[in-house]
Amino acid sequence: MRRPLSRLILLLCLALPAFSGSTASSSAAPHTFSTEELIDGFMKTVFGLEYRSWSWQPYLVKKYAGPVRFYVHNMATRNRRPIVYRFIEQMGKGIRGLSTIVVPTPAEANFHVYVVDRGQYRDVVRRHIYKDPTADVPGRCLVRVVSDRRGISQSAAVIVSDEGDFLFRRCLVEELLQGLGPMNDDTSLSHSVFNDRSRHSRFTTFDRLLLNMLYHPSIKPGMSLEQVRPLLPAIVRQVRPLVN
């Protein structure tokens, strides 16, 4: 008997400590990642154990099966749309197998990006993410993903604009990338934004490799760890030339 298609709603928030001073660059000395490092990173981000108690679904691949249609709600005092648009374009160009587009109306979108000032954060999360006016609101920014065996149907990220460029860029990169499927953080991933202890605020080479692995055509939404594992060595070999 086939299991019914039920939806899984995942919510991740960024809990970085408050940083001051200059930010670290994610384009430091080049690093050559081994096949084992990349497979380990893929397993930790795509099949992480953060949602162990929720259901069987977190152990399945989560990704968009079709175009990702973004709408940017700039509610902040500063207009951050140009930066968000550039990053959306960067993801579309940098991840083979992923199609991104910015749409003119919210109704057309399957990925909503809310750019807010800190004073708006709680209200926007309650109204647009939780849809509960009394909900507790965690983190410094967050993303919500709705997924089932057919793939991700909706994502929504809330990014804070007015607490410095580092936090804004870090939140933008991490939450939008996690909204594409690799939902787990792990503190061992020193070259990744999928690690709240890291100081990266750009789309790192390591993360570009992981996202190209996830959006490789051999990786399908709803696949299990056991189905994916034997495919990964060949996929790593194929995606390396795609990432400079």
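Summary table below
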quantity	calculated
Gain upon complete extension [ARG199, ARG69; 0.36 nm per residue less C-alpha separation]	43.9 nm
Long-range amide H partners of ARG149 with built H, under 5 Å	SER6
Proximal lysines to LYS63, defined as alpha-carbon separation beneath 18 angstrom and excluding residues fewer than eight positions away on the same chain	LYS44, LYS93, LYS220
Probe 1.4 Å, protein heavy atoms only - accessible area per residue of segment 92-244 in square angstrom	41
Nonlocal amide H pairs with VAL68, under 5 Å, H built at 1.01 Å	SER99, THR100, ILE101
For CYS141, distant residues with modelled amide H under 5 Å away	LEU14
Percent accessible area from carbon and sulfur atoms, segment 111-167, protein chains only, probe 1.4 Å	45
Hull volume in cubic angstrom per residue (convex hull over the Cα atoms of segment 139-180)	51
Ratio of the Cα radius of gyration of segment 72-205 to 2.2 N^0.38 Å, where N counts its residues	1.01
Extension reserve of the LEU11-GLU226 stretch, reckoned as 0.36 nm per residue once the Cα distance is removed	74.9 nm
Cβ-placed point charges (K, R +1; D, E -1), dipole of the chain about Cα centre in debye, nearest 20	600
Three-way shape label, segment 52-127, alpha-carbon gyration tensor, a/c 1.5	oblate
Rg ratio (alpha-carbon, reference 2.2 N^0.38 Å) - segment 160-202	1.10
Estimated inter-spin distance, ARG86 and ALA135, nm [label 7 Å along Cα→Cβ]	3.2
Vicinal HN-Hα couplings computed from phi for segment 114-121 (Karplus, 6.51 cos²θ - 1.76 cosθ + 1.60; Hz; Gly/Pro x)	9, 9, 9, 7, 3, x, 9, 4
Per-residue ³J(HN,Hα) for segment 180-195, Karplus 6.51 cos²θ - 1.76 cosθ + 1.60, θ = phi - 60°, Hz, x for Gly and Pro	8, x, x, 8, 9, 9, 8, 6, 7, 8, 6, 9, 10, 6, 7, 6
Segment 145-218, dipole about Cα centre (Lys/Arg Cβ +1, Asp/Glu Cβ -1), debye to the nearest 20	280
Reciprocal mean inverse distance between Cα atoms of the chain - Kirkwood radius, Å	18.2
Helix-only [θ]222 nm of the chain, DSSP H runs n ≥ 4, -39500 (n - 2.57) each, per residue, nearest 500	-8500 deg cm²/dmol
Per the chain, cysteines lacking a partner by the 4.7 Å Cβ criterion	CYS13
Cα gyration tensor, segment 176-223 - rounded (a/c under 1.5), prolate or oblate	prolate
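The values are calculated or read from the model by the stated rules, or taken from the named source; none is laboratory data. Remember, predicted model here, so these are calculated numbers, not experimental data. All Cβ positions, even for glycine, are placed from backbone atoms using ideal geometry, and neighbour counts span all protein chains on display. Just so you know, the surface numbers come from the protein's heavy atoms only, side chains and all, with ligands and any DNA or RNA stripped out. Shrake-Rupley method; radii C 1.70, N 1.55, O 1.52, S 1.80 Å.
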